[in-house]
Amino acid sequence: MLFLDRRTTGPRGRRALTRWRYRIAGLAAAALAASLIQANAGNAAADRSTRPEPKAAADVVRVAEFLAECPYTHRAPDDPIVLPNLPGASHMHSFFGNDSTNAHSDLASLERAGTSCSPTTDLSSYWVPTLYDGDKAVEPTGTTFYYLGEGVRDDIIRTIKPLPRGLRIVAGNAKAAGPGDNTISRWSCLHHGEVNPSHDFVNCPAGSMMESYLDFPQCWNGRDLDSADHKSHMAYPVAGACPSTHPVPVPKLRQVLRYPVNGDPARFRLASGRGYTMHGDFFNVWPEAEMAQRVRDCINAIIKCGADGTP
């Protein structure tokens with residue numbers, strides 16, 4: 001209880017009391033504000049401790065790329081792009097990604113199936129002719145599918161569009177009669193750059209692995225999800241730009257397979273023939289939103305992303 005003497009009952013005393021009350025109120029408000037600032041700072045610090053820190057600009061790799069790791073799933077003499085609904089009519093293929101692919105596969109059936117891919121959102125199907133070491137089928141132990149912006153100028157990379165859902169592409173030449181008939185695919189040795197890459201099989205040192213690289217075209221005609229030869233609706237860039245006949249730039253698919261074999265290349269053959277007959281088939285079953293996010297955040301932004309679609 002506040003006791004007042006006579007000096008506070010006159011006009012001068014009342015003014016002093018009023019000033020005193022304002023001072024006390026001001027001090028209380030300042031104390032409350034300081035308490036709130038301290039609490040907010042503590043909450044912000046706690047919040048930061050539970051959130052992953054964004055990558056510093058120096059940690060972001062300026063490469064337009066995202067990828068999927070899609071291990072081998074099965075073999076079958078089927079090809080739902082080139083020979084649809086004709087089971088057993090093809091040479092032997094090794095399939096990656098979508099675990100249901102067969103001669104009868106279409107977009108609807110592939111969307112209902114599972115996948116070996118990381119990320120699991122990629123339900124796409126990828127396949128190549130099976131590799132044989134003598135009479136023994138050999139499957140790759142490394143199966144990476146890169147989606148790249150390279151091949152066109154940076155200003156075009158920033159305008160690349162998502163690959164349309166249901167798009168089908170065949171790259172390479174299954175009927176090549178010589179190395180000059182297939183300039184898209186190449187073979188090399190893992191971690192052995194002293195061995196020159198070749199369109200045919202190469203002799204890799206003991207302990208190494210033989211690699212297959214195949215680049216798919218990245219210019220689309222903007223209309224067709226397939227064509228009679230499964231190639232004409234797509235084209236490769238010319239001088240860093242897409243030709244007027246295929247004006248829509250899309251990510252370049254690069255297929256990299258690593259086979260646990262080495263030594264005398266005379267031992268090896270593909271189900272389609274010599275090493276220069278290497279070819280790849282791609283049936284795009286990425287969900288549209290997942291593909292669009294990766295194209296925007298990784299390809300257009302020219303940032304290297306992992307399988308989860310982030311830097």
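Computed values, structure above
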quantity	calculated
Lys/Arg +1, Asp/Glu -1 at C-beta; region 229-297 dipole; positive extreme among 286, 276, 255	276
Taking the C-alpha atoms of region 160-311, convex hull volume expressed per residue in Å³	143
Accessible heavy-atom area order of 233, 191, highest first, probe of 1.4 Å	191, 233
Fully extended contour minus Cα-Cα distance, from residue 161 to residue 102, at 0.36 nm per residue	18.4 nm
Accessible surface of region 115-237 [probe 1.4 Å, protein heavy atoms]: carbon and sulfur percent	51
Gain in span if fully extended, residue 60 to residue 290, counting 0.36 nm per residue against the direct Cα distance	80.7 nm
Listed residues 290, 194 arranged by accessible area, highest first, probe 1.4 Å	194, 290
Per residue value of the accessible surface for region 172-311 (all protein chains in place, 1.4 Å probe), Å²	41
Overall form of region 179-240 per C-alpha gyration tensor (a/c, 1.5; a/b vs b/c)	prolate
Most to least accessible of 161, 304, 136 (protein chains only, probe 1.4 Å)	136, 161, 304
Hydrodynamic radius (Kirkwood) for region 107-237, which is based on Cα pairs only, to one decimal in Å	17.4
Rounded to the nearest 10 Å², the accessible area of residue 276 at probe 1.4 Å	30
3J(HN,Hα) from dihedral phi, region 215-231, Karplus parametrisation 6.51/-1.76/1.60, rounded to Hz, x for glycine, proline	9, 8, x, 10, 10, 10, 6, x, 10, 9, 8, 7, 8, 4, 9, 6, 9
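The values are calculated or read from the model by the stated rules, or taken from the named source; none is laboratory data. Keep in mind that this is a model prediction, so the values were computed, not measured. FYI the Cβ positions are ideal-geometry reconstructions off the backbone, even for glycines, and counts take in every protein chain you see. Surface accessibility is based on the protein's heavy atoms, side chains included, excluding ligands, DNA and RNA. Shrake-Rupley method; radii C 1.70, N 1.55, O 1.52, S 1.80 Å.
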